[in-house]
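Everything below concerns the one structure shown next.
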Amino acid sequence: MRKLWIISHLIASQIAMTLNWAKAADWPARPITMVVPFGAGSGTDILGRALGPRLSELLDQQIIVENIAGAGGMTGSARVAKALADGYQSVLGNVGTHAQNQTLYKSPLYNAATDFEPVGLVADLPPVLLTRKDFPANSLQEFAAYAKPNQDKLQYGSSGAGSAAQLGCSLLNSVLGLKVTHVPYRGAAPAMQDLIAGRIDYQCALLPAPLTQIEAKQVKALAILIKSRSPVLPNLPTADEQGLKDFDASAWHGIFMTKGTQPEILKKMNAAMIATLDTPAVAERLMQLGAIVVAPERRSSDYLKIFVASEIEKWSSTIKNANMQLD
């Protein structure tokens, strides 16, 4: 009897494996949902909609971009984490949803390192250090020299508590040894208005939103806060170039699928992602958005898996040092 059970179990397992292989071979047979875990018009939403049409062409199935906002991007990401692992649910995650929130929130809705299958890293959205136009500094070195003895008098703003803008400035403050009062706003626009008015001293805004104000000289741009210069501000040096070795506060974005998705499906999705990033029209559109397409050696699933773990660790210390935590 036991022998028959073992044989039946082996046969059932073989059938299941064959069916899974067949599903992977036929994938995609219907439209694929790409969850954007933030609202319409957000940087992540604009990026997702820039990628969607070309991905649809390459996969010969429609990519449906669906906005599911809430809990710092965790609501939409959690839906993908808990979905059926059939390859038809993906999420365009970022540094917030898949790194910062793991420490920022007391009870994260998922484990970003283990509850997803990474597809690949897509692009970096660089923060830029902005000051009020009359701030007595014209470089990062001068900013640090002025800020250290005057930190008790200074204030920095952001688009909200726990936002990429706040955390980017928190990392910068930590590296420079500053303790400056944070003023959270309800969105990037009011934070920019107060910076222009001189009611706050600096912020770390994500490109391309502040380009108009920079070009109009309503604010001063002192440094790009990732390792490479921005194509939309090519003459602005990075923090790394100005002495903060390897400083990187990138609002990176990557594609993730549900844990347990078949390897063949992940390979197909990764290949389509790479081909999309290599499409000149897409690359041009991303450059217009201020995004920096990641280098070819950073686009693999294996790279993203290791990268997410390292980013969780990096931001954990920054968030803890700043005593930030949200319910």
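Odds and ends about this structure:
- Single residue of M269, M257, M273 found to be in contact with a Gly (Cβ under 8 Å, 6 or more places away or on another chain), of a type in the set (A, V, I, L, M), modelled with pLDDT of 95 or more and under 26 Å from V232 (Cβ atoms): M273
- Selection of segment 110-155 for residues being open to solvent by less than 10 Å² (accessible area, probe 1.4 Å) and farther than 30 Å from K267 by Cβ yields P127, V128, L129, L130, T131, F135, A137, L140, F143, A147, L154.
- Looking only at segment 196-215, and only at residues there that are in contact with a helix residue (DSSP H, G or I) (Cβ under 8 Å, 6 or more places away or on another chain) and among the hydrophobic types (A, V, I, L, M, F, W, C), the one that is most open to solvent (accessible area, probe 1.4 Å): A209
- Of all the listed residues (S158, S170, S107, S163), the sole one being farther than 18 Å from L222 by Cα and surrounded by 14 or more Cβ atoms within 10 Å (Cβ to Cβ) is S163.
- The set of residues from segment 48-69 being among the hydrophobic types (A, V, I, L, M, F, W, C) and within 19 Å of I292 (Cα to Cα) comprises A50, L51, L55.
- Search result, residues across segment 41-90 that are assigned to a strand (DSSP E or B), of a type outside the set (S, T, N, Q) and either open to solvent by 40 Å² or more (accessible area, probe 1.4 Å) or at pLDDT below 95 (or both): I64, E66
The values are calculated or read from the model by the stated rules, or taken from the named source; none is laboratory data. The structure presented is a predicted model; accordingly, all values stated were derived computationally and were not measured. Every residue, glycine as well, gets a Cβ built from its backbone with ideal geometry; the counts of neighbours run over all protein chains shown. Areas reflect the complete protein model, heavy atoms only, side chains present, ligands, DNA and RNA absent. Shrake-Rupley method; radii C 1.70, N 1.55, O 1.52, S 1.80 Å.
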